[in-house]
Amino acid sequence: MTTAEPYVSPVYRVQAVPLETVHANAYNPNEVAPPERELLETSIWEDGITQPVVVARDNDSGAYEVVDGYHRYLTVRDTPRIRDREDGLLPVVVLEGKSLAERMASTIRHNRARGTHDPELMAQIVGELVDSGMRDAWIIRHLGMSQDEVRQLRAIVGVQKVYGLAAPRPADAEDELPAAPVQPELFSVEDGRSPVYHVQAVPVGAVRANAYNPNIVKPREMRLLETSMWEDGITQPVVVYYDEEAGAYEVVDGYHRYLTVRDTRRIRDREGGMLPVVVLPEADLPRRMASTVRHNRARGTHDIRRMSAIVQSAAAGYTTATGETIEGKSDAWMMKHFGMSAEELLQRKDPKPLADRFRGRAFSEVPDAVA
């Protein structure tokens, strides 16, 4: 009788590969605007690299194709101070044995299983930072915000206070704000390597949420996150700080990954009740808040035209330049693996607006369902 080897998620096998051996894929619909690109650079410089780039290896060429983390890869490659600090190497985890269709699905899942910011929670964070003595310039730099956005969020905080919607904070009743704490750059790992190379397993029960995460993930995205973790294994660690007084790890980034492992029995059992984490050096509260917001905000959104092209190609099936073939995928397959509703899938298969389809035709000719 043979005993099956215990399952080990890819996140525990982070390795460093030369940047020149990595290339982009042709099916990433994610795009990141310049402000988010700048914030991503700030995040990687301040905290070190905390998330590996997920890749698949081309056995013929030996190159690595990006599945998730394209903009992290670009940031390391194109930012001299980061590239030099990382010695021209990129931290990756390799997905083994994935077909092209499976790699496409992995890319879409990784990109879509992310949430959005709640403006009222973001306003609370800005209010906390202001009450901690942080000036607008610090908030703009470390949270990647414009001056107008900071003003709007501070205005929301004002309304919350006037109507008693905001929880009272110690500084609210003080005449003077506390002096802003001074702390050097956070990245200071003893061996000079980014935190991502120090992934460790900690009991799920030793991890707790923080009180300043503005990210909201919808039920469909949570289901997609579960599918992603089950299909690919865990590929990204949860970023944490260690609270010595409480003896617990406080989540900086990856709260919904933590929830998925904690609350999904099949995944929790497969992981042996352990959670992969990277621990950032000790930091004051404003720095921890800034790290959380940076990790959440430095992400892009899907380009609708690219997603439409991916859906149409997946439905029709095609052969790549390298000879790899994708058979046409059913709507059910795409709804499951791309995390789409039926309505969204239909829109991506035919993105032309309904109004354009019936332009120039009499109202009586337009079907009732469309009219």
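The values are calculated or read from the model by the stated rules, or taken from the named source; none is laboratory data. Owing to the predicted nature of the structure, the values given are computational and were not obtained by experimental measurement. Heads up, the Cβs are rebuilt from the backbone with ideal geometry, glycines too, and the neighbour counts pull from every protein chain shown. Side chains are part of the model used for accessible areas, which takes the heavy atoms of the whole protein and leaves out ligands, DNA and RNA. Shrake-Rupley method; radii C 1.70, N 1.55, O 1.52, S 1.80 Å.
So which of Glu271, Glu344 ends up being charged (D, E, K, R), surrounded by 14 or more Cβ atoms within 10 Å (Cβ to Cβ) and at pLDDT 85 or above? Spell out how you get there, then give the answer.
Working: Glu344 fails: at pLDDT 85 or above.
Just one listed residue meets the conditions, Glu271.
Give the residue, chosen from Ala166, Ala180, Ala201, that is surrounded by 15 or more Cβ atoms within 10 Å (Cβ to Cβ), at pLDDT below 65 and either assigned to a loop (DSSP other than H, G, I, E, B) or within 21 Å of the chain's Cα centre (by Cα) (or both).
Result of the check over Ala166, Ala180, Ala201: Ala166.
Among the residues of the range 218-246, which ones are in contact with a Phe, Trp or Tyr (Cβ under 9 Å, 6 or more places away or on another chain) and surrounded by fewer than 18 Cβ atoms within 10 Å (Cβ to Cβ)?
Tyr242, Asp243 - these are the residues of the range 218-246 that are in contact with a Phe, Trp or Tyr (Cβ under 9 Å, 6 or more places away or on another chain) and surrounded by fewer than 18 Cβ atoms within 10 Å (Cβ to Cβ).
Take the residues in the range 23-49 that are small (Gly, Ala, Ser) and either in a strand (DSSP E or B) or open to solvent by less than 30 Å² (accessible area, probe 1.4 Å) (or both), then tell me which one is modelled with the lowest pLDDT.
From the range 23-49, those small (Gly, Ala, Ser) are 24, 26, 33, 43, 48; that's our starting set.
Then keep just the ones that are either in a strand (DSSP E or B) or open to solvent by less than 30 Å² (accessible area, probe 1.4 Å) (or both); that gives 43, 48.
On the way: Ser43: 85, Gly48: 90.
Going through the qualifying residues, I end up with Ser43.
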